Amino acid sequence: MGKTISEKILSKASNSDAYVGDIVVASIDFAMAQDGTAPLTIRVLQEIGIGKVWNKDRIALVFDHNAPSPNEGVSKLHGVMREWGEKQGVILYDVGSGVCHQLLPEQGHVAPGGVVVGADSHTCTYGALGAFATGIGSTDMAVVFASGKLWFRVPETLLVSVNGKLPEGVYSKDIVLTVIGKITASGANYMAVEYAGDTINELSVEARMTLCNMAVEMGGKTGIIAPDRKTIEYVKKRLTKNQYQIFASDPDADYISQLEIDADDLVPVVACPHAVDNVKPVTEVEGTGVDQVYIGTCTNGRIEDLRIAAKILKNQKTKAITIIVPASREIYLQALREGLIEIFVKAGAVVCNPGCGPCVGTHQGIPSPGYTVVSTANRNFKGRMGSDEAEIYLASPHIAAFTAIKGEITDPRTRP
């Protein structure tokens with residue numbers, strides 16, 4: 001029987017012939033914790049008496065969810081991370097560096113064929129580079145930091161095949177929201193969500209990251225895409241050591257399920273409150289008044305996304321409160337060089353430092369009760385942005401930018 005890409009990677013990492021359902025102990029290629037999860041990991045390591053991590057060059061701590069610190073309590077936690085990280089000699093991405101899920105691929109810590117774990121559920125983003133990447137808990141991360149290994153049950157794979165040409169106004173965010181709407185928020189529980197097809201091949205690596213980022217929103221263990229020329233070009237510019245291994249699923253691989261999507265039939269969509277799988281064509285909610293728009297996050301805060309927004313916002317004025325957060329310092333600098341930041345500021349938007357911004361609801365734009373928000377993030381359940389009484393719609397940067405100008409949810413295909 002042939003193997004999926006996930007079975008192949010976990011076989012290599014565990015030095016075994018692994019198939020779906022097998023329990024394997026895999027070697028970890030890189031591990032990360034952020035400022036919401038790292039302090040607990042550090043505490044567990046101290047409690048069990050681990051004085052030295054397994055490999056300081058394969059561990060990163062990222063300050064992104066609450067950066068800059070919004071209060072004294074968070075500042076103390078940041079201090080714990082800095083003190084421990086400097087003592088151990090691990091990689092520190094301090095305030096202003098950006099979102100962990102942008103930084104790890106961007107800084108060359110993710111290689112095709114590797115196994116990457118992060119103490120954050122959206123670690124699955126890195127599957128866009130052909131790695132097996134998944135989120136784990138803080139206590140599990142303590143084990144990884146100490147040993148460089150972790151056990152996994154080899155997941156079943158859901159194959160999502162997308163073929164055809166994307167219509168005008170349809171982006172990768174529309175693809176993944178459409179998939180979630182079809183299979184529901186629990187439709188891929190503990191599965192590897194593998195994307196394939198000529199539409200996927202045409203997408204940029206950045207757009208593929210959007211797809212894999214939201215695998216967890218359908219219950220997935222990871223999202224993954226077989227590497228191609230674009231992938232190799234991306235990683236070769238970034239890997240400090242040019243070491244990677246290309247895996248692809250065999251033609252006779254066993255999939256638990258397959259979903260086929262005709263790209264020509266796709267339309268711009270939004271996920272309506274208060275569930276990611278409450279997906280509707282934008283035409284069904286067009287005209288809904290919006291108080292705040294957020295463009296950024298680990299889902300859609302990359303340079304490609306900012307370019308889409310800037311093209312729409314140029315020489316326009318926003319009617320809704322508009323917050324824009326580049327996903328990393330590198331992206332911020334590129335946006336400055338291209339004049340995108342000036343476009344945003346002149347349009348009336350607020351541009352914040354690289355990081356998670358208001359996505360997790362701790363700072364930089366917590367909506368008022370009763371506010372309606374359009375966000376390019378990945379979650380919209382009650383309280384996600386800090387207010388139980390706000391309503392959050394998820395959409396592409398394309399829809400979000402048009403909505404910011406008009407002050408209501410707008411079908412981008414109807415705008416000049």
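Does GLU7 meet the test of being among the charged types (D, E, K, R) and surrounded by 20 or more Cβ atoms within 10 Å (Cβ to Cβ)?
yes
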Which residue is surrounded by the fewest Cβ atoms within 10 Å (Cβ to Cβ), if the candidates are limited to region 116-150 and must be within 15 Å of CYS212 (Cα to Cα) and among the hydrophobic types (A, V, I, L, M, F, W, C)? VAL117
Can you tell me which residues in region 273-332 are out of contact with any Ser or Thr (no Cβ under 7 Å at 6 or more places or on another chain), open to solvent by 20 Å² or more (accessible area, probe 1.4 Å) and either of a type in the set (Lys, Arg) or part of a strand (DSSP E or B) (or both)? LYS280, PRO281, ARG307, LYS311, LYS314, LYS317, LYS319, ILE321
Determine which single condition LYS52 fails, assuming it passes every other condition in (1) more than 24 Å from LYS241 (Cβ to Cβ); (2) at pLDDT 95 or above; (3) surrounded by fewer than 19 Cβ atoms within 10 Å (Cβ to Cβ). (1)
In region 215-244, residue modelled with the highest pLDDT [restricted to those that are surrounded by fewer than 14 Cβ atoms within 10 Å (Cβ to Cβ) and among the polar types (S, T, N, Q)]: GLN243
Residue hits (region 372-383; within 13 Å of TYR294 (Cα to Cα) and open to solvent by 10 Å² or more (accessible area, probe 1.4 Å)) are THR372, ARG379
Within region 106-133, can you find the residues that are more than 11 Å from the chain's Cα centre (by Cα) and either among the hydroxyl-bearing types (Ser, Thr, Tyr) or not in a strand (DSSP E or B) (or both)? GLU106, GLN107, GLY108, HIS109, VAL110, ALA111, PRO112, GLY113, GLY114, LEU129, GLY130, ALA131
Select the helices (runs of 4 or more DSSP H) contained entirely in region 168-214, then report the ones holding at least 1 residues which are on the phi < 0 side of the Ramachandran plot, under 15 Å from the mean Cα position of the chain (by Cα) and surrounded by fewer than 24 Cβ atoms within 10 Å (Cβ to Cβ). 205-213
For a quick check of your reading of the model, give me the residue pairs whose first member lies in region 141-164 and is on the phi > 0 side of the Ramachandran plot and touching a residue at least 60 places away in the same chain (Cβ under 8 Å), whose second is of a type in the set (S, T, N, Q) and assigned to a helix (DSSP H, G or I), with beta-carbon atoms closer than 9 Å and at least 6 apart or on different chains. GLY164/THR199
Looking only at residues in region 280-318 that are of a type in the set (S, T, N, Q) and under 18 Å from the mean Cα position of the chain (by Cα), which one is nearest to MET214 (Cα to Cα)? THR299
Taking region 36-87 and keeping only residues that are closer than 23 Å to CYS352 by Cβ, among the aliphatic types (A, V, I, L, M) and in a helix (DSSP H, G or I), one is left with ALA38, VAL74, LEU77, MET81
Subset of region 397-416 (residues that are surrounded by fewer than 24 Cβ atoms within 10 Å (Cβ to Cβ) and of a type in the set (Ser, Thr, Tyr)): THR414
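The values are calculated or read from the model by the stated rules, or taken from the named source; none is laboratory data. Since we're looking at a predicted model, the values are computed, not measured. FYI the Cβ positions are ideal-geometry reconstructions off the backbone, even for glycines, and counts take in every protein chain you see. Note: areas computed on protein heavy atoms with side chains; ligands, DNA, RNA excluded. Shrake-Rupley method; radii C 1.70, N 1.55, O 1.52, S 1.80 Å.
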